[in-house]
Each structure stands twice: as C-alpha cells, then as structure tokens.
C-alpha cells in the first residue's frame with residue numbers, strides 16, 4: 001500500500017512538473033480527474049484574474065496613470081494606518097513613563113517615591129494619570145503590558 005501511494009505521489013509530481021514546463025512555453029495541458037477538478041478550477045480562476053489585473057495595469061500605464069496591484073495597495077494602506085496608531089504608553093510624559101517602568105518591575109509606590117526622591121502622594125498622582133491614559137487598572141496589568149511590549 002505504501003509503495004503504491006509513493007508511486008502515485010511521484011507520478012503526480014512528474015505530471016505537475018511537465019505541466020509547469022509546458023506552461024512556461026505557453027502551452028497549458030491538464031488531466032482533469034475527480035480529485036483535481038477543484039484545483040484546476042481554482043487555477044483557471046486565478047489565471048483569469050491575473051489576466052484581468054494585467055490588462056488593467058497596461059491600460060493604466062498607457063493612460064499615463066499609476067497602477068498598483070490591489071493586495072499591495074491594501075498592505076500599504078494597512079501599514080500606514082498601523083503607523084498612525086499610538087500604543088497607550090506612548091502618550092505618557094517622561095516622568096509618567098519612568099514611574100510606569102518602575103511599577104512594571106514590581107516596585108511599590110513607597111519604593112518608587114524613595115528611589116525618585118518624591119512623596120508617596122506625588123507618585124500616587126502619577127500612577128492615577130498612568131492608569132487613566134493606559135486604561136490599565138492594576139500593577140499586574142501594567143507589568144503584563146510592559147512585558148508584552150518589551151518595556152524594561
């Protein structure tokens with residue numbers, strides 16, 4: 001059974017290679033079977049769509065316009081949209097970010113106050129601002145967020 005499957009796979013592989021070589025010479029041939037009917041149908045649809053896109057590109061260039069393949073246009077648009085989105089921590093002031101990082105390392109408000117030579121109340125005010133801006137409500141959430149975003 002295994003030898004027969006291997007032979008079938010090899011035969012399909014050889015036929016696929018022959019079709020590929022023929023296609024590169026401008027000749028398309030295919031053996032349509034029940035097993036590959038769907039694949040051949042998809043291939044023909046793909047060839048038709050590619051031909052239509054090529055025609056659109058040629059027409060655009062001949063009209064002195066710019067043509068961009070739809071998938072590329074979508075990727076560029078998405079990339080530009082992603083670049084304009086700021087992460088919550090990017091809206092923090094430098095002092096808020098400093099305290100944010102210290103909280104993420106596990107320090108308490110008192111330890112941060114001592115380390116930065118600030119009052120507990122001042123650090124608590126910064127912590128409230130950090131929570132308002134980032135929508136993170138606990139030290140654990142801040143630490144998890146920092147870890148996920150590579151903030152140390």
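Every number here is computed from the coordinates shown, using simple stated rules; none is lab data. As the structure is a prediction and not an experimental result, all values here were calculated from the model. Positions of Cβ are generated from backbone atoms using ideal geometry, with glycine treated the same way; all protein chains shown enter the neighbour counts.
Annotations
- Considering the range 88-148 at the alpha-carbon level, its Rg and Dmax are found to be 10.3, 30 Å.
- Per-residue extension of 0.36 nm, minus the Cα-Cα distance of residue 63 and residue 128, leaves a gain of 17.5 nm for this segment.
- Label-point separation, residue 95 to residue 119 (7 Å along Cα→Cβ), nm: 1.3
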